[in-house]
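The values are calculated or read from the model by the stated rules, or taken from the named source; none is laboratory data. Just so it is clear, the model here is predicted, and its values are computed rather than measured. Reconstructed Cβ throughout: ideal geometry from the backbone, glycine too, with neighbour counts over all protein chains shown. Areas reflect the complete protein model, heavy atoms only, side chains present, ligands, DNA and RNA absent. Shrake-Rupley method; radii C 1.70, N 1.55, O 1.52, S 1.80 Å.
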Amino acid sequence: MTEKIGTATAATELALMAGADRVEGCIFGNGERTGNVDLANLALNLYTQGISPLLDFSDIQSVIETVTACNDLPVHPRHPYAGELVFTAFSGSHQDAIKKGFEAQFERHRKAALQGEMQYWDIPYLPIDPADIGCTYEAVIRVNSQSGKGGIAYLVKQALGLDMPRKMQINFYQTVQAIADREAREMTIEDITTAFRRTYKFGGGKFSGRISLRSFIISELQSMGIGEGLNSDADENSIHEKRFDGTLLVDGVPRIVRGDGNGPLSALLDALKCHLGLDFAIREYSEHSIGEGTSVKAASYVELVKESDKTKGPIHSIGFWGVGIDADIASSGLRAVLSAVNSAIGDQSLPELKPDVIFNMKSQPADVSHAILYTLSLELPRRLQSSFFEHVQRAAREEDKILSLQDISNLFIHTYRFGILGRVELKSFKLTTTDEGRKTIIASMSIDRQTRTVEGSGNGPLSAFLAAIQTQLPQDTILSVRDFSEHSLGEGSETNAASYVELQQIVHDKKYASWGVALDGDITRSTLVAAVSAINGFDLSFTPLS
């Protein structure tokens with residue numbers, strides 16, 4: 001039957017070229033004698049040559065459903081244009097050709113659009129754009145044990161927007177082939193993306209690795225110029241090292257680390273070596289953009305090798321690939337490094353990141369903030385780190401002793417009244433939103449052991465609360481927010497919100513500042529209690545109850 005249909009189509013095309021003006025046939029060629037001509041095949045053959053057949057097959061699937069319902073004859077999976085596998089390539093060489101064809105065509109179309117020229121379809125093994133007949137690109141490349149790395153890379157790019165470098169394609173291809181051989185079935189796009197996320201600890205959630213990036217700051221350390229003295233001016237010969245100060249989540253526990261290097265990535269590797277004993281070097285790095293305009297992101301790819309294997313060459317040293325995505329290019333590179341590290345360490349035991357229990361005049365702000373993170377699980381914002389560091393230095397100097405870990409923790413609790421009740425207490429509150437989107441709060445407060453009900457409005461809960469407190473203060477006293485930060489603590493149903501609020505008090509043109517810290521399961525209450533903690537740091541005079 002297939003030979004008859006093919007011969008009938010060829011004969012009809014020749015007849016049309018010779019001047020025929022009428023064709024008799026059936027859609028998909030399910031007929032006898034003249035009905036063997038496949039009208040859909042004939043029409044779309046003409047369409048591929050730039051000739052309009054004056055027939056609409058833009059939704060060929062609905063045509064298939066109508067025809068099969070009428071004659072109860074299925075359309076063969078490899079039927080021209082209509083079969084479910086007609087646009088599908090399983091072969092590795094075909095997939096690679098199609099992938100490269102799409103990449104080349106994208107560039108051709110981009111140039112043609114700039115010059116106002118026609119954008120022609122020209123892809124190997126695909127004589128027609130599947131979209132022109134209502135088909136998707138999802139079935140163009142499908143993966144089984146015979147597929148190649150090019151097809152797998154194409155699917156990853158379509159699903160995740162990641163254009164893997166060639167060596168990473170080879171690395172991931174081995175993973176997919178192992179799964180396909182083991183399960184002896186075709187792999188879906190969901191199978192491949194899940195394997196990718198699991199392999200490279202990509203995407204967060206259940207795919208997160210043992211080490212993840214929580215927050216960081218990259219600062220520049222300028223050393224002396226090459227061949228110059230210590231007092232030389234900085235110029236193009238100067239070496240500018242980078243310092244990584246960050247918080248990592250290590251096996252679910254936040255830890256502060258620090259490292260130096262000639263760039264952000266090497267500084268992070270130095271931090272991992274110093275704090276976790278993980279000694280890796282970068283062998284390959286590449287990046288590309290994802291998206292356009294304001295929504296553009298950076299995708300980074302890193303291959304790491306163990307420092308001890310660095311000199312063995314690519315044949316004898318095992319590489320570990322990682323990938324990271326972020327709107328910030330430095331952050332995407334750091335995430336790629338940690339992705340590769342997670343692939344490398346597996347179930348390897350890691351040392352506990354316990355801070356030193358001695359603090360003196362030589363300690364650094366990071367040492368002190370690490371102690372608070374370790375004892376109270378609080379990630380202090382930068383300004384609060386500096387503020388508390390001054391208190392630690394003063395205590396070490398005045399008491400002329402080495403402060404223990406517990407000393408530091410107790411000093412923080414009492415300095416910022418963390419969990420300690422003061423003159424002002426928040427009993428309860430009710431927050432509502434006006435038609436204009438502003439917040440209104442009615443709160444029950446205890447001020448000097450007297451219960452008061454206060455009310456105020458603002459752009460958010462915190463500003464509304466301060467407006468309510470302002471009604472209880474003399475006119476010459478003004479409170480305002482100077483800094484605010486928050487983060488989550490714990491996971492799942494055990495998650496709490498940690499809030500940090502710095503308030504400023506202005507009295508007779510004199511300015512005072514006070515920090516407050518609070519922890520609560522409700523993020524709004526955590527913010528308000530932190531503000532109350534900061535208020536208790538001032539020596540305020542409240543208006544008497546009327």
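Report, in listed order, any pair from Lys242/Lys273; Lys206/Lys273; Lys439/Lys510 with a Cα-Cα distance greater than 22 Å.
Exceeds cut-off: Lys206/Lys273; Lys439/Lys510.
Whole-Hz Karplus ³J(HN,Hα) for segment 104-121, in order, using 6.51 cos²θ - 1.76 cosθ + 1.60 and θ = phi - 60°, x for Gly and Pro?
5, 5, 4, 5, 4, 5, 5, 5, 5, 5, 5, 9, x, 9, 5, 10, 8, 7
Along the three principal axes, how long is the chain when you take its alpha carbons, biggest first, rounded to the nearest angstrom?
So the three principal-axis extents are 104, 68, 48 Å.
Residue by residue through segment 74-80, which ³J(HN,Hα) values in whole Hz follow from phi under the Karplus form 6.51 cos²θ - 1.76 cosθ + 1.60 (θ = phi - 60°), with glycine and proline marked x?
x, 8, 4, x, 10, 4, x
Suppose accessible area is computed on protein heavy atoms with a 1.4 Å probe; arrange Val529, Val257 from highest to lowest.
If we order Val529, Val257 from most to least accessible, we get Val529, Val257.
Which value at 222 nm does the chain reach when only helices count, each DSSP H run of 4 or more adding -39,500 (n - 2.57), with the total divided by all residues and rounded to the nearest 500 deg cm²/dmol?
It lands at -11500 deg cm²/dmol.
How large is the accessible surface of Cys70 in square angstrom, using a 1.4 angstrom probe and rounding to the nearest 10?
Rounded to the nearest 10, that gives 110 Å².
Amide H to amide H, which residues 5 or more places from Ala327 or on other chains are under 5 Å from it, using H placed in the peptide plane?
Result for Ala327 returns Ala298.
Report, by chain and number, residues whose modeled amide H sits under 5 Å from the one on Phe216, excluding near sequence neighbours (fewer than 5 apart, same chain).
Thr247
List every residue whose amide H lies under 5 Å from the amide H of Lys201, counting only residues 5 or more places away in sequence or on a different chain, with H placed 1.01 Å from N in the peptide plane.
Close amide H contacts, sequence-distant or interchain: none at all.
Heavy atoms only, probe 1.4 Å: what % of the accessible area of the chain goes to carbon and sulfur, would you let me know?
Carbon with sulfur: 50 percent of the solvent-accessible area.
Please return the longest stretch of the chain lacking exposed loop sites, where GluC sites (Glu not before Pro) count only if DSSP places them in a loop and at most 16 other Cβ atoms lie within 10 Å.
Answer - 353-435.
If DNA, RNA and ligands are ignored and the probe is 1.4 Å, what is the ranking of Phe388, Phe102 by accessible area, most exposed first?
Phe102, Phe388
I'd like the Karplus ³J(HN,Hα) series for segment 173-189: coefficients 6.51, -1.76, 1.60, θ = phi - 60°, whole numbers in Hz, and an x wherever there's a Gly or Pro.
For segment 173-189, the Karplus-derived couplings read 4, 5, 5, 5, 4, 4, 5, 4, 5, 5, 9, 6, 8, 6, 9, 7, 5 Hz, x marking Gly and Pro.
Sorted by average packing, counted as other Cβ atoms within 10 angstrom per residue and highest first, what order do 339-351, 261-273 take?
261-273, 339-351
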